[in-house]
Structure formats: structure tokens, C-alpha cells
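Comments concern the structure below.
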Amino acid sequence: MPDSVLAERVATVRAFNRLYTGVIGVLDEGPADAEYSLSEARVLFELAQQNQLQVSDLRKRLALDGGYASRLLGRLETRGLITRERCVDDARRQVVTLTEEGHAAFADLDHRSASQIGSLLDQFADADQRRLLGAMGTITALVGESSPEPVVTLRAPRPGDFGWVVHRHGALYAEEYGLDERFEALVARVIADFAEHRDDPRQAGWIAELDGERVGSIFCTPGDEEGTAKLRLLLLEPAARGHGVGKRLVRECVEFARARGYRSMELWTLSVLAAARGIYRGAGFELVGEEKTDAFGPLVTGETWRREL
């Protein structure tokens with residue numbers, strides 16, 4: 001990386017740090033927390049989450065050296081907010097516990113801090129709040145400790161999701177498979193038809209989220225034959241792959257079709273989509289037809305898959 005580019009990026013991070021520190025100063029060291037330093041407030045928070053903690057564990061969580069931790073806990077003990085005693089299992093270790101006064105102090109801090117954060121968020125419209133929280137989630141994912149088990153949720157589409165489905169299909173399939181704008185146009189037509197018949201009980205759609213971020217989609221619509229449903233627009237972002245998102249989406253779609261009384265289900269895909277084909281095969285679909293097409297730019301093989309319900 002050129003030195004000039006690195007210097008520019010360092011300057012950007014430093015500018016963000018100054019802004020972020022200012023916001024945190026308002027939230028953590030303003031009137032709500034004036035009685036306690038930031039470190040004292042963090043100790044109260046950690047102890048409020050559990051009945052007691054060993055001093056060594058508390059130091060590790062808050063990255064405190066021994067001398068500073070001892071003075072900090074001494075101040076809180078003097079104020080009657082914590083107690084320290086020897087560990088029953090190991091007399092060489094100390095455990096720290098919140099007193100009733102400590103719990104009351106934390107509850108007051110927690111309430112006032114929540115009010116301050118609420119006031120901060122109230123400065124922004126709902127869409128901007130979502131952008132802010134999304135940016136915080138991105139920073140946490142990149143620089144924080146990675147979650148061993150990301151949370152996957154499926155939900156019904158909300159305003160804005162249809163446009164996202166069209167955009168991500170167009171961008172992702174162009175990048176990974178070279179399909180042109182005609183494929184995006186096809187997706188747009190499918191979405192438009194779905195939205196136009198949004199009250200039809202025979203169809204449904206799902207958006208998959210991974211730790212709160214949109215990462216996938218799938219739709220069930222009536223097929224061309226009576227009693228046949230269509231599985232459409234299965235999409236998986238690269239970040240979603242390997243977490244079982246595709247299998248969950250397909251399973252949800254199949255179960256919906258079965259519950260609505262469909263007798264069979266069909267889907268159309270491309271032979272180059274190896275991962276998707278594996279999901280379909282695992283869900284009980286069988287390949288029943290294929291044909292070459294250049295309708296979306298490069299010459300590819302379109303496939304029809306089907307299963308009985």
C-alpha cells in the first residue's frame with residue numbers, strides 16, 4: 001500500500017476517534033455518570049451482570065493493571081457499593097460482589113444512561129437510526145470479538161427489501177457469473193408481480209438476516225400448473241454462506257407451499273450455481289430439465305428442478 005494512501009486512512013480513523021470520543025464523553029461522563037468515573041461505572045456494570053466475579057477475571061475484562069484495579073475497587077468498597085472477600089475454593093484469589101447499595105447505584109446509572117442514549121437517537125429519523133446502528137454493527141464485527149454462532153433470523157419483507165433483492169441479484173450475479181442487466185430486469189419483473197399480488201395467500205417471501213444484516217431472500221409463488229408452487233429468487237450473500245442460511249430459506253419455502261396445499265414445487269436455476277444446486281438436491285428436488293440460454297449475456301445452462309410435496 002502506498003504511504004500516501006496509508007497516511008490518508010490513518011488520518012480518517014483518527015478523525016473518527018476524536019468524534020467518537022466526544023460522543024462517548026457526553027454519554028459516559030456527562031450528568032448521568034458524574035458521580036462515577038468511566039472505569040467505576042464499567043466495574044458496576046460488569047458486576048451487575050453476575051452475582052460475583054473474581055478480581056482477576058474483572059481485571060482481564062476491563063484490561064486493568066493490578067495496582068489501578070486495587071485502588072479502583074478500594075474506592076467503590078469505601079462507598080459501600082461492593083464487598084471483597086477471599087474465594088472459598090482458592091484463598092489466594094479475591095471475589096467481588098455488589099452490595100444492595102451497589103445494585104441500586106447501577107440501576108440508577110443504567111436508567112439515566114439509557115435516557116441519554118435515547119435522546120441521542122431521537123435526533124435522527126428512523127432511517128438514519130438504522131444506518132447508525134448498522135455502522136456500529138459493522139465496526140463491531142470487524143474489530144470486536146467474532147461471535148462463534150452468528151444469529152440467523154428469517155422475516156417477512158419490509159419496505160425497501162424488494163429494491164434490495166433486485167439490486168443484490170443484479171450486482172452479485174454480474175460479479176460472480178457475468179450476467180448482464182437483463183437478469184436484473186427479470187428479477188425486477190418477478191418482484192413487481194409479487195408486490196402487485198401481495199395479498200394473495202398462496203405466496204410468501206422471506207428475508208434472511210445474519211446478526212441483523214440482510215444476507216438472503218427467497219419467495220414462493222403460484223406456478224404455471226394448478227397445484228404447483230414456484231421457489232424463486234433464492235439469494236445468499238457471500239457473508240451468509242456456510243451458516244446454513246440457504247437450507248433454512250429453502251426449508252421455510254417448502255413448508256409454506258405444503259401448508260398451502262400445493263402438491264409439488266418447481267424452481268429454475270443455472271448449472272453454474274453449484275452451492276444452490278446442492279441445497280436443492282438436499283431438500284429433495286430433482287433435476288427434470290435443462291437447456292442452453294444466452295438470454296443474460298454469456299451462454300449458460302438453465303435447469304428446472306422439481307419435487308413432490
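The values are calculated or read from the model by the stated rules, or taken from the named source; none is laboratory data. The model shown is predicted, which means the values in this text are computed figures rather than measured ones. When we count neighbours, we look across all protein chains shown, and the Cβ atoms used for this are built from the backbone with ideal geometry, even at glycine. Areas reflect the complete protein model, heavy atoms only, side chains present, ligands, DNA and RNA absent. Shrake-Rupley method; radii C 1.70, N 1.55, O 1.52, S 1.80 Å.
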Looking at (1) surrounded by 17 or more Cβ atoms within 10 Å (Cβ to Cβ); (2) more than 20 Å from Val190 (Cα to Cα); (3) in contact with a strand residue (DSSP E or B) (Cβ under 6 Å, 6 or more places away or on another chain); (4) modelled with pLDDT under 95, find the lone condition where Ser271 falls short.
-> (1)
Can you tell me which residue among Glu290, Glu226 is over 31 Å from the mean Cα position of the chain (by Cα), surrounded by 12 or more Cβ atoms within 10 Å (Cβ to Cβ) and free of Cβ contacts under 8 Å to residues at least 24 places away in the same chain?
-> Glu290
Which one is surrounded by the fewest Cβ atoms within 10 Å (Cβ to Cβ) among residues in the range 51-83 that are of a type in the set (Gly, Ala, Ser) and within 16 Å of Leu38 (Cβ to Cβ)?
-> Ala63
Taking Ala239, is it in contact with an Asp or Glu (Cβ under 9 Å, 6 or more places away or on another chain), part of a helix (DSSP H, G or I) and among the small types (Gly, Ala, Ser)?
-> yes
Subset of the range 252-304, residues aromatic (Phe, Trp, Tyr) and under 19 Å from Gln203 (Cα atoms), comes to Phe256, Tyr262, Trp268
Determine which member of the set Ala41, Ala48, Ala32 is at pLDDT below 70, open to solvent by less than 40 Å² (accessible area, probe 1.4 Å) and under 30 Å from Gly118 (Cβ atoms).
-> Ala32
Selection count where residues are free of Cβ contacts under 8 Å to residues at least 60 places away in the same chain and open to solvent by 20 Å² or more (accessible area, probe 1.4 Å), scope the range 205-222 | 4
Within the range 152-172, can you find the residues that are free of Cβ contacts under 8 Å to residues at least 24 places away in the same chain and surrounded by 15 or more Cβ atoms within 10 Å (Cβ to Cβ)?
-> Gly170
Condition met for Phe296 (in contact (Cβ under 8 Å) with a residue 40 or more places away in the chain and touching a Lys or Arg at 6+ places or on another chain (Cβ under 6 Å)) | yes
For the range 251-265, does any single residue satisfy the condition of being touching a Pro at 6+ places or on another chain (Cβ under 9 Å), in the same structural domain as Pro201 (by the TED database), β-branched (Val, Ile, Thr) and on the phi < 0 side of the Ramachandran plot?
-> no
Selection count where residues are closer than 25 Å to Ala174 by Cα and part of a strand (DSSP E or B), scope the range 242-294 | 11
Could you identify the single residue in Thr83, Thr138 that is in a strand (DSSP E or B) and not assigned by the TED database to the domain that holds Val245?
-> Thr83
Of (1) part of a strand (DSSP E or B); (2) under 17 Å from Trp305 (Cα atoms), Glu209 satisfies all except one. Which?
-> (2)
Has the range 190-201 got any residue that is at pLDDT 95 or above, under 26 Å from Leu299 (Cα atoms), in the same structural domain as Asp161 (by the TED database) and not in a strand (DSSP E or B)?
-> yes
In this structure, is Glu8 acidic (Asp, Glu), modelled with pLDDT of 70 or more and not in a helix (DSSP H, G or I)?
-> no
Restricting attention to the range 174-189, and to residues there that are assigned to a helix (DSSP H, G or I) and open to solvent by less than 30 Å² (accessible area, probe 1.4 Å), which single residue is nearest to Ser271 (Cα to Cα)?
-> Phe183
Looking at Arg86, is it open to solvent by 30 Å² or more (accessible area, probe 1.4 Å), more than 13 Å from Glu40 (Cα to Cα) and over 35 Å from the mean Cα position of the chain (by Cα)?
-> yes
